[in-house]
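The values are calculated or read from the model by the stated rules, or taken from the named source; none is laboratory data. Nothing here was measured: the structure is a model prediction, and the numbers come from that model. Cβ coordinates were reconstructed from backbone atoms using ideal geometry, including for glycine residues, and neighbour counts include every protein chain displayed.
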Amino acid sequence: MSLMDQLTNVVVQQVTHEASQKTGLSEGLAASMMPMAMAALMNGLKNNASNAQGAEALANALDRHDGSLLNNVSQIGNDDVMADGAKILGHILGGKQQRTEQALAKTAGVDQDQIGKLLAMAAPAILASLGRAKREQGLDASGLAGLLAEEGVRAQKAAPSELNPLMQFLDQDGDGDFKDDMLEVAGKKFLGGLFGRQ
């Protein structure tokens, strides 16, 4: 099981109730959207680490994220951790943050603010997981970039195909943009599947 799969399983199992309370999303919607939020962030990190300077900066940042958060992952709903997560989002997504939040919100049919809170919960968990992997596997900046390349590909494959425009948007240099008509299709499929299971 990949690092992304392990982390997603832990977060969804242990944090769905907290995420629902913090975001105002139903527990079912929070559980379904969290993996998408984490996949988007992992893809953003993959792009950031695709050059030596970005990989080095991330490796240094991970020295402050040793993975201890994962010992009590429910802490990602704490106000101070979410505040840290909001700052992390700016570093990961940069000028793409607002567009990413809008895209995920449109897919789920919810407010952008709700998705912003969900991303702020997901970001510290992802850095904690990468920090632990860096420490346990003795990864340098190059090794970290390799890990992120693998995890980013997995994240992109795991995301619904209709989210490919967003994933490709996050995978490119510059701020760019994309047509979001496919997100409406994704949202209808996503919400139809979600309510069909309930």
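Against the test of being surrounded by 20 or more Cβ atoms within 10 Å (Cβ to Cβ) and at pLDDT 90 or above, the options GLY90, GLY54, GLY85 yield a single qualifying residue, GLY85.
If the condition is being among the hydrophobic types (A, V, I, L, M, F, W, C) and more than 11 Å from the chain's Cα centre (by Cα), then the stretch 32-58 contributes ALA49, ALA52, ALA55, ALA57, LEU58.
Going by the conditions given, is LEU29 under 14 Å from the mean Cα position of the chain (by Cα), surrounded by 14 or more Cβ atoms within 10 Å (Cβ to Cβ) and either at pLDDT below 90 or in a helix (DSSP H, G or I) (or both)? Taking the combined requirement at face value, the residue does not satisfy it. Residues in the stretch 63-80 that are part of a helix (DSSP H, G or I), of a type outside the set (D, E, K, R) and surrounded by fewer than 22 Cβ atoms within 10 Å (Cβ to Cβ): SER68, LEU69, LEU70, ASN71, ASN72, VAL73, SER74, GLN75, GLY77.
Hey, can you tell me all the residues within the stretch 30-69 that are of a type outside the set (Gly, Ala, Ser) and under 14 Å from LEU119 (Cα atoms)? MET33, MET34, PRO35, MET36, MET38, LEU41, MET42, ASN43, LEU45, listed by residue number.
Taken together, the residues in the stretch 107-142 that are among the charged types (D, E, K, R) and under 11 Å from MET34 (Cα atoms) amount to 1. Among the residues of this structure, ALA105 counts as one that is touching an Asp or Glu at 6+ places or on another chain (Cβ under 7 Å), surrounded by fewer than 21 Cβ atoms within 10 Å (Cβ to Cβ) and assigned to a helix (DSSP H, G or I). Give me the residue from the stretch 162-184 that is at pLDDT below 65 and part of a helix (DSSP H, G or I) and, out of that set, surrounded by the most Cβ atoms within 10 Å (Cβ to Cβ). In this case the residue turns out to be LEU183.
It is to be established whether one or more residues within the stretch 1-21 are out of contact with any Ser or Thr (no Cβ under 7 Å at 6 or more places or on another chain) and over 25 Å from THR107 (Cβ atoms).
Among the residues of the stretch 1-21, at least one is out of contact with any Ser or Thr (no Cβ under 7 Å at 6 or more places or on another chain) and over 25 Å from THR107 (Cβ atoms), which makes the answer yes.
Exactly one residue out of GLN97, GLN114, GLN156 is at pLDDT below 90, in a helix (DSSP H, G or I) and surrounded by fewer than 22 Cβ atoms within 10 Å (Cβ to Cβ), and it is GLN156.
Taking every residue in the stretch 41-52 that is in contact (Cβ under 8 Å) with a residue 12 or more places away in the chain and more than 19 Å from ALA125 (Cβ to Cβ) and pairing it with any residue that is among the acidic types (Asp, Glu) and part of a helix (DSSP H, G or I), at least 6 positions away or on another chain, yields no pair with a Cβ-Cβ distance below 7 Å. ARG135 passes every criterion in (1) over 16 Å from the mean Cα position of the chain (by Cα); (2) within 22 Å of ASN164 (Cα to Cα); (3) exposed (fewer than 15 other Cβ atoms within 10 Å of the Cβ) apart from (2).
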